[in-house]
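A.B. asks: Below is the structure I would like to discuss, written out as structure tokens.
The values are calculated or read from the model by the stated rules, or taken from the named source; none is laboratory data. On a predicted model such as this, the values are computed, not experimentally measured, just so you know. In this analysis, Cβ positions are derived from the backbone assuming ideal geometry, glycine residues included, and neighbour counts consider all displayed protein chains.
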């Protein structure tokens with residue numbers, strides 16, 4: 001029975017979400033907040049494999065997200081909808097509902113292959129040097145996309161809205177909510193199974209003492225390769241979902257600022273803690289949304305007490321001061337994050353009574 | 001045929017000759033010591049054999065096959081395990097996990113099995129855990145299986161490291177100063193433990209050790225090196241009275 005607790009809760013959550021979306025209990029704004037929450041959970045929990053469990057420092061997660069976003073967007077637009085770039089759809093739009101997971105998977109696979117760009121240097125390079133390589137890799141991806149004119153270059157690429165409409169035409173359900181939900185659960189499930197296996201624990205061994213790991217029979221190159229490919233692949237999955245939520249992608253979205261945002265979530269949650277990453281992604285998404293309003297109030301308030309000139313407005317741009325600042329404060333005062341290296345069940349052992357996972 | 005055969009192994013670090021024409025032959029089930037003053041190159045010999053460095057010249061044969069140039073994890077998979085002079089456990093994961101991870105070469109399942117939790121995966125994970133728990137209880141560590149090594153006393157950490165090395169199912173166990181930092185009562189326990197392991201597991205053991213009571217009571221053959229070169233070898237009695245060895249340890253200046 002205990003084994004069914006988590007699946008049952010998830011099914012219930014999905015049912016409630018679907019009901020709320022369809023009945024209008026959740027307006028479009030809150031729906032999008034929940035969608036981004038899902039994407040952020042995938043991003044932070046996948047980056048956590050590298051920055052948390054492996055103890056490396058990857059600042060290029062947004063780059064792999066971009067690969068997934070573009071590959072899956074291009075595929076879905078080419079396959080299921082009429083567009084300026086590809087012309088008539090290659091397949092019937094009715095198939096979109098069935099084949100969309102495969103499109104997302106293709107984006108994830110492409111991202112994990114591009115992940116080799118970081119994985120292979122990691123065999124010989126560690127720490128700061130690898131961090132520089134990850135930044136470089138992210139810039140290679142971004143510049144490459146910016147310079148392919150056919151897919152819009154720096155102007156971005158659109159048409160995914162048509163794909164979502166095609167799905168709604170087949171069956172009138174909030175499809176994007178379903179896909180994001182399934183994608184998020186799938187990612188956390190996959191990561192959990194990976195890091196709890198003896199194979200995946202090799203990643204922790206590498207982070208704690210790489211030489212001992214190698215001498216104690218861990219094929220460190222292979223483990224690193226797998227860890228990077230899983231992590232980058234899931235970033236690609238998150239990118240694919242992200243692109244289909246917005247219906248539009250732009251290389252300008254996938255900058256180092258985006259990577260920083262993901263990193264803040266990982267460090268806020270606690271390095272090496274999967275439940276911490278999930279929790280932090282939820283908190284950060286809410287915080288960012290809250291800030292959206294808060295900047296408006298701050299602006300009014302500061303004008304009211306006349307400490308800033310009338311011509312200047314405090315806008316959303318300040319988000320990019322606040323989030324890195326949060327990272328600075330976090331590292332200074334609570335470097336272990338919310339959860340430390342622990343999981344939810346370590347903090348609240350009572351929880352174990354109510355659920356159980358296979359193995 | 002010897003289990004491990006090292007022929008004229010030489011290692012240079014830049015211009016420095018760390019190990020010079022080192023040769024040794026170890027038979028199955030033998031217990032041998034490698035001794036020498038500080039900086040003589042003992043740990044370098046271990047690092048060369050375990051694949052951490054590739055020797056500049058010379059040959060290393062294990063079970064008749066060359067293991068020169070293999071990566072450390074491949075050497076371990078062939079059956080050579082070692083411990084470290086300064087303990088190198090994974091301090092932030094449980095003792096049980098430490099022992100489990102050291103079976104990485106014999107996982108017997110792939111990434112897909114791990115994602116899908118196939119019957120093969122479940123079976124192998126159970127085997128790995130059983131093997132780990134059996135080893136721990138055999139070394140009297142059953143009670144600390146779920147502790148973190150960082151919270152354990154130094155002597156127990158040493159034992160955990162030996163257990164971790166044994167968990168790779170070696171045919172040759174190399175111990176790098178197992179008694180370093182232990183008090184005299186711990187050393188007595190260690191001598192007994194190593195003798196038991198030697199008997200129960202049928203291993204060859206090769207150790208670097210400074211404490212002569214450990215070496216003298218355990219090893220049948222001793223090799224002495226200084227400045228990378230072999231200066232003496234023989235039975236414990238022969239070594240004790242060898243003038244070259246006394247000179248290497250005490251110096252040859254008369255006061």
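A.B. asks: Please enumerate the residues belonging to the stretch A:332-359 that are closer than 27 Å to residue A:293 by Cβ and surrounded by 12 or more Cβ atoms within 10 Å (Cβ to Cβ).
C.D. replies: Matches in the stretch A:332-359: A:334, A:337, A:338.
Residue-by-condition table, conditions (1) out of contact with any strand residue (DSSP E or B) (no Cβ under 7 Å at 6 or more places or on another chain); (2) away from chain B (no Cβ under 14 Å); (3) on the phi > 0 side of the Ramachandran plot; (4) without any contact (Cβ under 8 Å) to a residue 40 or more places away in the chain:
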| residue | (1), (2), (3), (4) |
| --- | --- |
| A:266 | yes, yes, no, no |
| A:278 | yes, yes, no, no |
| A:289 | yes, yes, no, no |
| A:295 | yes, yes, no, yes |
| A:306 | yes, yes, yes, yes |
| A:310 | yes, yes, no, yes |
| A:327 | yes, yes, no, no |
| A:342 | yes, no, no, no |
| A:357 | yes, no, no, no |
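A.B. asks: I'd like to know if the stretch A:167-174 contains one or more residues that are in contact (Cβ under 8 Å) with a residue 60 or more places away in the chain, surrounded by fewer than 22 Cβ atoms within 10 Å (Cβ to Cβ), part of a helix (DSSP H, G or I) and more than 14 Å from every other protein chain (Cβ to nearest Cβ).
C.D. replies: yes
A.B. asks: Please report, ordered by residue number, the strands (runs of 3 or more DSSP E) entirely within the stretch B:1-106 with at least 2 residues that are within 14 Å of another protein chain (Cβ to nearest Cβ) and closer than 30 Å to residue B:121 by Cα. Talk me through it step by step, then tell me what you get.
C.D. replies: Numbers: elements: B:4-13, B:16-26, B:31-35, B:57-62, B:80-82.
Where strands (runs of 3 or more DSSP E) fall fully within the stretch B:1-106 and carry at least 2 residues being within 14 Å of another protein chain (Cβ to nearest Cβ) and closer than 30 Å to residue B:121 by Cα, they are B:80-82.
A.B. asks: Please count how many residues of the stretch B:128-148 are in contact (Cβ under 8 Å) with a residue 12 or more places away in the chain and either within 13 Å of chain A (Cβ to nearest Cβ) or part of a helix (DSSP H, G or I) (or both). Full working, then the answer.
C.D. replies: Start the filter on the stretch B:128-148 by keeping residues that are in contact (Cβ under 8 Å) with a residue 12 or more places away in the chain, which leaves B:128-129, B:131-133, B:135-136, B:138-141, B:144-148.
Adding the requirement that they be either within 13 Å of chain A (Cβ to nearest Cβ) or part of a helix (DSSP H, G or I) (or both) leaves B:128-129, B:131-133, B:135-136, B:138, B:144, B:146, B:148.
Residues that pass the stated criteria total 11.
A.B. asks: Now for a separate question. Among the residues of the stretch A:137-159, which ones are within 23 Å of the chain's Cα centre (by Cα), surrounded by 20 or more Cβ atoms within 10 Å (Cβ to Cβ) and farther than 29 Å from residue A:120 by Cβ?
C.D. replies: A:159, the sole residue that qualifies.
A.B. asks: For residue B:243, which of the numbered conditions (1) loosely packed, with under 15 Cβ neighbours inside 10 Å; (2) at positive phi; (3) modelled with pLDDT of 85 or more fails to hold?
C.D. replies: Just one mismatch for residue B:243, condition (2).
A.B. asks: Another one. Going by the conditions given, is residue B:57 more than 18 Å from the chain's Cα centre (by Cα), surrounded by fewer than 22 Cβ atoms within 10 Å (Cβ to Cβ) and at negative phi?
C.D. replies: Yes; evaluated as a whole, the condition is true for this residue.
A.B. asks: Taking residue A:196 as the residue in question, decide whether it is surrounded by fewer than 22 Cβ atoms within 10 Å (Cβ to Cβ) and in contact with a strand residue (DSSP E or B) (Cβ under 6 Å, 6 or more places away or on another chain). If you could, list the steps in order and put the result at the bottom.
C.D. replies: Working: surrounded by fewer than 22 Cβ atoms within 10 Å (Cβ to Cβ): yes; in contact with a strand residue (DSSP E or B) (Cβ under 6 Å, 6 or more places away or on another chain): no.
No.
A.B. asks: Okay, next question. Restricting to the stretch A:329-340, count the residues that are assigned to a helix (DSSP H, G or I) and touching a residue at least 24 places away in the same chain (Cβ under 8 Å).
C.D. replies: Counting residues in the stretch A:329-340 that are assigned to a helix (DSSP H, G or I) and touching a residue at least 24 places away in the same chain (Cβ under 8 Å) gives 2.
A.B. asks: Among the residues of the stretch B:107-123, what is the count of those that are touching a residue at least 12 places away in the same chain (Cβ under 8 Å) and more than 7 Å from chain A (Cβ to nearest Cβ)? I'd like the intermediate steps shown before the answer.
C.D. replies: Our first condition is that a residue be touching a residue at least 12 places away in the same chain (Cβ under 8 Å); within the stretch B:107-123, this holds for B:107-109, B:120-121.
Adding the requirement that they be more than 7 Å from chain A (Cβ to nearest Cβ) leaves B:108-109, B:120-121.
The number of residues fulfilling the criteria is 4.
A.B. asks: Residues A:240, A:247, A:233: which one is more than 24 Å from residue B:161 (Cβ to Cβ) and within 12 Å of chain B (Cβ to nearest Cβ)?
C.D. replies: When all the criteria are applied, what remains is A:233.
A.B. asks: Quick one: is residue A:199 more than 28 Å from residue A:179 (Cβ to Cβ) and within 14 Å of chain B (Cβ to nearest Cβ)?
C.D. replies: So residue A:199 passes the test.
A.B. asks: Just to be sure I understand, how many residues within the stretch A:293-309 are more than 24 Å from residue A:33 (Cβ to Cβ) and touching a helix residue (DSSP H, G or I) at 6+ places or on another chain (Cβ under 7 Å)?
C.D. replies: Here the count works out to 1.
A.B. asks: Can you name the condition, by its number, that residue B:228 falls short on among (1) within 18 Å of residue B:83 (Cα to Cα); (2) touching a strand residue (DSSP E or B) at 6+ places or on another chain (Cβ under 7 Å)?
C.D. replies: The single condition residue B:228 does not satisfy is (1).
A.B. asks: Same structure again: Taking the condition of being crowded, with 20+ Cβ neighbours inside 10 Å and not in a strand (DSSP E or B), how many residues in the stretch B:219-229 meet it?
C.D. replies: Residues meeting the conditions: 2.
A.B. asks: Filtering the stretch B:195-211 down to residues that are touching a residue at least 60 places away in the same chain (Cβ under 8 Å) and part of a helix (DSSP H, G or I), which residue is nearest to the chain's Cα centre (by Cα)?
C.D. replies: B:198
A.B. asks: Please enumerate the residues belonging to the stretch A:291-305 that are exposed (fewer than 10 other Cβ atoms within 10 Å of the Cβ) and modelled with pLDDT under 85.
C.D. replies: Initially, the stretch A:291-305 is screened for residues exposed (fewer than 10 other Cβ atoms within 10 Å of the Cβ), giving A:293, A:304-305.
Correct list: A:293 only.
A.B. asks: Sort out which residues of the stretch A:202-225 are at the interface with chain B (Cβ under 7 Å from one of its Cβ atoms), surrounded by fewer than 24 Cβ atoms within 10 Å (Cβ to Cβ) and within 19 Å of residue A:271 (Cα to Cα), and write them in order of number.
C.D. replies: Answer for the stretch A:202-225, where residues must be at the interface with chain B (Cβ under 7 Å from one of its Cβ atoms), surrounded by fewer than 24 Cβ atoms within 10 Å (Cβ to Cβ) and within 19 Å of residue A:271 (Cα to Cα): A:204, A:208, A:209.
A.B. asks: Residue check: is residue A:259 within 14 Å of the chain's Cα centre (by Cα), closer than 23 Å to residue A:109 by Cα and at pLDDT 95 or above?
C.D. replies: no
A.B. asks: Tell me the residue from B:96, B:116, B:111, B:107 that is more than 19 Å from the chain's Cα centre (by Cα) and modelled with pLDDT of 95 or more, please.
C.D. replies: B:96
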